[in-house]
Structure formats: C-alpha cells, structure tokens
1. Of all the residues that make up the range 146-185, how many are under 14 Å from Leu114 (Cα atoms) and part of a strand (DSSP E or B)?
2. Provide a single number: the residues in the range 37-49 that are out of contact with any Phe, Trp or Tyr (no Cβ under 6 Å at 6 or more places or on another chain) and either modelled with pLDDT under 85 or of a type in the set (Gly, Ala, Ser) (or both).
3. Only one of these conditions is not met by Asn112: (1) free of Cβ contacts under 8 Å to residues at least 12 places away in the same chain; (2) under 16 Å from Ile199 (Cα atoms). Which number is it?
4. When the residues of the range 315-344 are narrowed to those that are part of a strand (DSSP E or B) and not β-branched (Val, Ile, Thr), which ends up nearest to His302 (Cα to Cα)?
5. Going through the range 93-117 one residue at a time, which ones are surrounded by fewer than 16 Cβ atoms within 10 Å (Cβ to Cβ) and either polar (S, T, N, Q) or farther than 30 Å from Ile15 by Cα (or both)?
6. Considering only residues of the range 156-170 that are out of contact with any Ser or Thr (no Cβ under 8 Å at 6 or more places or on another chain) and among the β-branched types (Val, Ile, Thr), which is surrounded by the fewest Cβ atoms within 10 Å (Cβ to Cβ)?
7. In the range 226-240, which residues are at pLDDT 70 or above and either among the aliphatic types (A, V, I, L, M) or assigned by TED's automatic domain parsing to the domain that holds Met25 (or both)?
8. Residues in the range 75-87: is at least one at pLDDT 75 or above, under 54 Å from the mean Cα position of the chain (by Cα) and closer than 28 Å to Ala137 by Cβ?
Amino acid sequence: MGLWDKLFGEFVDVIEWLDDSSDTMMYRFERYGNEIKYGAKLTVRESQNAVFVNEGQVADVLGPGMYELETKNLPVLSTLQHWDHGFESPFKAEVYFCNMRRFTDLKWGTKNPLMLRDKEFGGVRLRAFGSYVMRIADPKLFIQEITGTDGHFTTDEITNQLRNLITSRFASIVGKADIPVLDLAANYDQLGEFITTRIAPEFSAYGLELTKMLIENISLPPEVEAALDKRTSMGMIGNLDKYLKFQTAEAMQNSATGGGSAMGDAMGIGVGMAMAGKMAENLQSTGGASTPPPLPGQTAYHVAIDGKTQGPFAGDALKQLAASGKLTDTTLVWTDGMNDWQPAAKVDALKPLLGPATPPPLPPR
C-alpha cells in the first residue's frame, strides 16, 4: 500500500460493511495498519455484530446501531490502550463484522449407505439427504473457535464439517429409533426435530445455532425399491384368479378382432394355457369324473364325506347315502342359497331321509 492509500485511509472516518453475497459469515474491515481514527463513526446494521480485536484479544462486541469511537463510548477499549487526539492516532484494532442472519438451504446427505436392521426386511441400506438452517449465535466464540484471522469467511468453509457432524448423528439416532423402513416417511418431521435437539449443543460449541433441520428423503437401494414395487403391484392386482381370467378374455378378444401384436397374442396364449392347467387341477381334485346335473325340480346338495366335498347329490342318490350311513344328522351339506355348510338335521328337505321323526308330546288332558 502506497502513501496515497495510507493518507486516504486516514481520512475515512466511517467504518461499515455492506454485503451483497448470500454466503459471507464474517468480514474483516480493512484499514491501513489497522489504524482507527479517534471519533470515527462505526455503523452496525441489523443482522450484524462488530467485534473489536486489539493486539490479538477480543476487546468488545457491538450490536446494531451507530457508534462514535471515543473513549467515553468504549470503556473496554480505553482500558487496553490510551487514545490521543490527532492525525496519527495510536489506536489500532481490527474490526470484524459478523453476519447474524440465518443461512438457509444448507445441504446435508449421506456419502455412503447406512446399514440398519429392520423388523420386516432384515438388514437394509439407507441413504438420506435434506437441508438445515443455522446462524451465528456467539460472535466472540465463533471467531475464537472457527474463523481465527480469516478476513473473509463463507459458509463453504464450514459446511463440510457440519455435514459430517449431522450425518454421523443421524445414523446413530435412526438406528436407535427402531422405526420400520416403510414408516420412516411418516416420521420425517419428528426425526428432524429430534435430531435438531440432539445436535444443537455441538453447534453451540462453535458459536453457531442450528435453528432447523429438514429430512427431504430417505431412500432404499434401487434393486430393493424395484422388489418393493413388484410387491406393491401384486397387492394392487388383488384376486389373481380374476386377474388371469380378465387377461385371458382380453387376449382372446384382441385375437378375434385382429388387434394386438404377435407378442400380445403369445402372452394371451400363455395366460390361457395357465388357466387350462388350473382347470385341469380342479378336475383331478374331483376325481376327473363328470357328474350329470340333477333332474329338473330336484335340489342337489354337496355333502362333506371323510373331510372331502362330494356331489352334488339329489333324489335317490341322497337316499342311498342315508341308507349307507354316509348321510347322518351331523353330516355337513350345502346347496345354492345357503350361506354356509349346515348339518343335515337342520335342513328340512333332508329330514325325511334321516330316519323316523320323533312325534311331539301329547297335549295335556
């Protein structure tokens, strides 16, 4: 710095800081030789604090307002060094402006997946990211612990350390919370508030305040998400029997009308073959014999014999079952219109087949 710069600096009697950036946390006001003229005007705006450092020692911290730098106004400084009037002022100090506003939308996230134990899925790997808000709470402690003699300190110089701190605490807190993976999304707000409370004391050690922490997303590995999507799709299909029938009908209709591609027709044939296999299984389970329908006017009943459903039987077939002892009072029967299986003795139409009815008692004389 030349002579003219020194002279110009001596005539500057207004000390202030105007910031148009969004990430500056602390700025040192530059003066030639750190000389401050006696009676200079110091302007500290809202969301600012001015910190005086004299010979490496924090002398005073001033809040918003306009100050005239005189001995009577700054008694703390007057005890450190005598102020003389005149052009060559012996008063030398560094002035640091601290930005006290909130710094928003600071990002955090896990560099590597977190291994957790889940009740439903067992061991899972999770990734998480979000944002947080902080501000300078104690300018003196912030300078002593973080900035030192840095003349222009920005958020980029500390966010890596804070991000690592948040990620480390997040892993331990989520691991102990024992919240199922599928329920984590419903607990983002509660987790954010809880983690903010747990980490706030560690921010305070740096002279900072963690005012809010947001969890934007907690995600599973892509292959696990794909498996989960398949599981969800199966749940949405519902009744697989009805779904297969619907797909078969759609394929047959497309084939009949000439619509659809060759691949679609092949898929329809495959679904139809699956349905045919299912029908064959049903036929085998019933012995493979086809039973003719009952004569008109007769009610046919399915009968539970030896733990298996047989029938339907009507007319003479029911009589033969009753004569052979396979149809008794407690034998379960069912026919169209009945809500559930019932003992034969409770079905009026079958009572005559089960033996002579017991007459009611004679009326009194």
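1. 0
2. 4
3. (2)
4. Among residues in the range 315-344 that are part of a strand (DSSP E or B) and not β-branched (Val, Ile, Thr), the one nearest to His302 (Cα to Cα) is Trp334.
5. Thr104, Asp105, Lys107, Gly109, Lys111, Asn112, Pro113, Met115, Arg117, listed by residue number.
6. Thr159
7. Ala226, Ala227, Leu228
8. There is no residue in the range 75-87 that is at pLDDT 75 or above, under 54 Å from the mean Cα position of the chain (by Cα) and closer than 28 Å to Ala137 by Cβ.
The values are calculated or read from the model by the stated rules, or taken from the named source; none is laboratory data. Keep in mind that what you see is a predicted model, and the values were worked out from it rather than measured. Glycine also receives a Cβ, built like all others from the backbone with ideal geometry; neighbour counts cover every protein chain displayed.
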